[in-house]
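J.: Have a look at this one.
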Amino acid sequence: MSVKSSFISARRLKKKAARSVLVCELSRIGNIDEVYDLLQLELALPPYFGRNLDALYDSLSTDVKGPFKIVWLDHASSADALGEMNYEGLIDIFRAVASERDDVEVVLG
C-alpha cells in the first residue's frame, strides 16, 4: 500500500468516525402511528414514506443515511397497545435492518 492510499484510508476512517449518530428513542408507545411519527422525526424518513411496515423496512434499509441507532427500552410494555402484528413486525424490521447494515444499531431492553 502506498503512502498516498494509506493517507486516503486514514482520512476516510476519520470522516466516518466524525459523523454523528442519529438516535431515535421509542418509549411509552401507544399506537403504530406514534412509532412512525417518532421515526420520521428523529431519523428523517423520506416524505414519501408510506406509514406501513413494508415501507418502514424499505426506508430504514435504504433511504435513511447512517449511522443511526434505535433505542426501545420498554418495548415489551408497548406490545398490547401495538397489537401482535405491529409489535412483532417492528421488532423483526429493526433486527433485520441492523443485521443488514453495519451503520445501524438497535437496542431493545
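The values are calculated or read from the model by the stated rules, or taken from the named source; none is laboratory data. These figures come from a predicted structure and were not determined experimentally. Glycine gets a Cβ as well: all are built from the backbone with ideal geometry, and neighbour counts include every protein chain shown. What goes into the accessible areas is simple: the full protein's heavy atoms, side chains included, and nothing from ligands, DNA or RNA. Shrake-Rupley method; radii C 1.70, N 1.55, O 1.52, S 1.80 Å.
J.: Would you check if there is a residue in the stretch 31-39 being modelled with pLDDT of 95 or more and touching a strand residue (DSSP E or B) at 6+ places or on another chain (Cβ under 8 Å)?
T.: Looking through the stretch 31-39, at least one residue is modelled with pLDDT of 95 or more and touching a strand residue (DSSP E or B) at 6+ places or on another chain (Cβ under 8 Å).
J.: Which number in (1) in a helix (DSSP H, G or I); (2) open to solvent by less than 80 Å² (accessible area, probe 1.4 Å); (3) out of contact with any strand residue (DSSP E or B) (no Cβ under 9 Å at 6 or more places or on another chain); (4) closer than 14 Å to V35 by Cα marks the one condition that A96 misses?
T.: The failed condition is (4).
J.: For the stretch 21-56, give me each residue that is open to solvent by 70 Å² or more (accessible area, probe 1.4 Å), within 15 Å of E105 (Cα to Cα) and part of a helix (DSSP H, G or I).
T.: Of everything in the stretch 21-56, just one residue is open to solvent by 70 Å² or more (accessible area, probe 1.4 Å), within 15 Å of E105 (Cα to Cα) and part of a helix (DSSP H, G or I), namely E42.
J.: Further, regarding this structure: If you go through the stretch 69-79 one residue at a time, do you hit one that is modelled with pLDDT of 95 or more and open to solvent by 30 Å² or more (accessible area, probe 1.4 Å)?
T.: For the stretch 69-79, residues modelled with pLDDT of 95 or more and open to solvent by 30 Å² or more (accessible area, probe 1.4 Å): present.
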